[in-house]
1. Tell me the accessible surface of LEU80 in square angstrom (1.4 angstrom probe, heavy atoms of protein chains only), to the nearest ten.
2. HN-Hα J couplings of the range 139-152 from phi, Karplus 6.51/-1.76/1.60, θ = phi - 60°, integer Hz, Gly and Pro as x?
3. What value, in deg cm²/dmol to 500, does the helix sum -39500 (n - 2.57) over DSSP H runs of n ≥ 4 give at 222 nm once divided by the residues of the chain?
4. Per residue, how many Å² of accessible area does the range 47-187 show with a 1.4 Å probe?
5. Compute the relative contact order of the chain as a whole-number percentage, counting only Cα pairs closer than 8 Å that sit 6 or more residues apart in sequence.
6. Which length gain, in nm to one decimal place, applies between LYS114 and ALA156 when the Cα-Cα distance is subtracted from 0.36 nm times their residue separation?
7. What share of Cα pairs, in percent, lie more than 24 angstrom apart in the range 25-157?
8. Using a 1.4 Å probe on the protein chains only, how many percent of the accessible area of the chain belongs to carbon and sulfur?
Amino acid sequence: MAKAQYENLRARLRGDTRHCHAALDDQVTRLDQQGAEGYARFLLLQWRLFAALEPVSQSAACAPVIRDLTQRAGADLEQLGRLGPVPRLPLDPHPLAVDYVVCGSRLGAKVLRKRWLDRGLPETAYAGSYLSAPPYMDYWRGYVARAEALPAGGAAADRIVTDATGLFEFCLECIDAESAEGRAVHA
């Protein structure tokens, strides 16, 4: 779809990142179906994203959310003995791209939280700090207001879409890296 067909930046982000967003959702759904191991890998994905974003996202409105979620996911991973190195983020993302990915992730986290808790995994009881994070809906509403007020086209919009796509791809690479590490450990 051409950029001119989008009414604002929010619509363009949703449309132009749909493919990589769907790929990430598919991978996270697979983790959701893998019990305790999937839960640990889900937390590792969250921690890797937020820990990599934290030093480069101080201008994003959601910077306090990133700090909180990094700490929560890290504490859970320490409980599970799974805390690993922070990967290097291959881009310096635009703050609005960060807000889109991070604040949007909180919407999906509500669904995943219910699924993980309904499974009754013991890990969610002693490593459940991430699951008990607030939904941060005010940050989502703030992102929506800003993105709907911005045009879908232009250099700034192009960069924001490119950076959001890069963040989704980074998440997919983190899942792939964890899969490769798991295969190497279990081989």
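1. About 40 Å², rounded to the nearest 10.
2. Listing the rounded values in order: 5, 4, 4, x, 4, 4, 4, 5, 5, 6, 8, 9, x, 6 Hz.
3. Details: 8 runs with 133 residues, N = 187.
That calculation yields -24000 deg cm²/dmol at 222 nm.
4. Working: 6740 Å² over 141 residues.
About 48 Å² of surface per residue is accessible.
5. 36
6. Taking 0.36 nm per residue and subtracting the Cα distance, the gain is 11.4 nm.
7. Working: 2665 of 8778 pairs.
Summing the P(r) of the range 25-157 above 24 Å gives 30 percent of all pairs.
8. On the chain, the fraction of accessible area on carbon and sulfur atoms equals 53 percent.
The values are calculated or read from the model by the stated rules, or taken from the named source; none is laboratory data. The structure displayed is predicted, hence computed values, not measured ones. Accessible surface areas use protein heavy atoms only, side chains included; no ligands, DNA or RNA. Shrake-Rupley method; radii C 1.70, N 1.55, O 1.52, S 1.80 Å.
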